[in-house]
Amino acid sequence: MARSLTPETFRKLLDKLDPDQDRAGQRYEQLRRALIRFFEWRNAPFPEEHSDETLDRLAHKLDEGIDIRNPGAYCYEIARLVFLESLKGHGHKRRPLESHDLRDQSVPDTADDDRRHERRLACLDGCLRALPHHSRELILDYHHASRGALRQRRALAERLGLRREVLANRAQRVRKRLELCVANCLDGKRTI
């Protein structure tokens, strides 16, 4: 399904993100990083490739002349579809995980919603940085597994000298700390 992206198609995408070329490039990179996190937290098999596919599809929609009022919000709709396609295409099962409670599941449809969504991502990033090193590594390793998550989590448990159930409990506690930290950050109770 991948169509090649022409320089003109890519230029249209950048122009839509921001009329200033430098800011458009920055906005593109911010959007790409946010999409990678979107796919990572959903345990997608290839987060970077899925992010690139999402942005390519957005560029093609713009090239087709579709009027997209908020490219960031539209991008998340495309990302959701790319994610669902990845589940079908790789026999991948979605993990029974509440980690996307850390993310706002509503798709932003205005500039204010987009800013709130970006603020939420910034809070999450700040909260991750504020965790003790061992907790941050544990939660990232635990949730970063792409394919073969069970095998990778078993290896992580062995590396840490823990039973899998203990590892899962620790990951749950760290996840709860992150959820509380993000909520406090969004409420202005914590600055990062």
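Readers should treat all values here as calculations from the given coordinates under stated rules, not as data from a laboratory. Small disclaimer: the values here were computed from a predicted structure and weren't measured. Quick reminder, even Gly has a Cβ in these numbers, built from the backbone with ideal geometry, and neighbours come from all protein chains shown.
Return the FRET efficiency for the residue pair LEU140, GLN172: r is the Cβ-Cβ distance, R0 is 25 Å, and the value is rounded to the nearest 0.05.
0.95
Residue by residue through segment 117-122, what is 3J(HN,Hα) from phi via Karplus (6.51 cos²θ - 1.76 cosθ + 1.60, θ = phi - 60°)? Round to whole Hz and write x for glycine and proline.
Whole-Hz 3J(HN,Hα) from phi for segment 117-122: 4, 5, 4, 4, 5, 5.
I need the phi-derived Karplus couplings for segment 169-180: 6.51 cos²θ - 1.76 cosθ + 1.60, θ = phi - 60°, integer Hz, Gly and Pro marked x.
With coefficients 6.51, -1.76 and 1.60, one gets 5, 5, 4, 4, 5, 5, 4, 5, 4, 5, 4, 5 Hz.
Reported to two decimal places, what Rg/Rh ratio describes segment 1-94 when computed on Cα atoms with Rh from the Kirkwood expression?
0.98
Grab the Cα-Cα distance for ARG129 and GLN152, subtract it from 0.36 nm times how many residues apart they are, and report the gain in nm with one decimal.
Between ARG129 and GLN152, full extension yields an extra 6.0 nm.
Full extension from LEU5 to GLU29: what is 0.36 nm times the residue separation minus their Cα-Cα distance, to one decimal in nm? Working shown, then result.
Working: separation 24, 0.36 × 24 = 8.64 nm, distance 1.68 nm.
Value of the extension gain: 7.0 nm.
With a cap of 12 neighbouring Cβ atoms within 10 Å, and only residues DSSP puts in a loop, list the GluC sites (Glu not before Pro) found in segment 24-86.
GLU64
Testing the spin-label approximation: label points 7 Å from Cα along Cα→Cβ at ARG116 and LEU81. State their distance in nm.
Once both label points are built, they end up 2.5 nm from each other.
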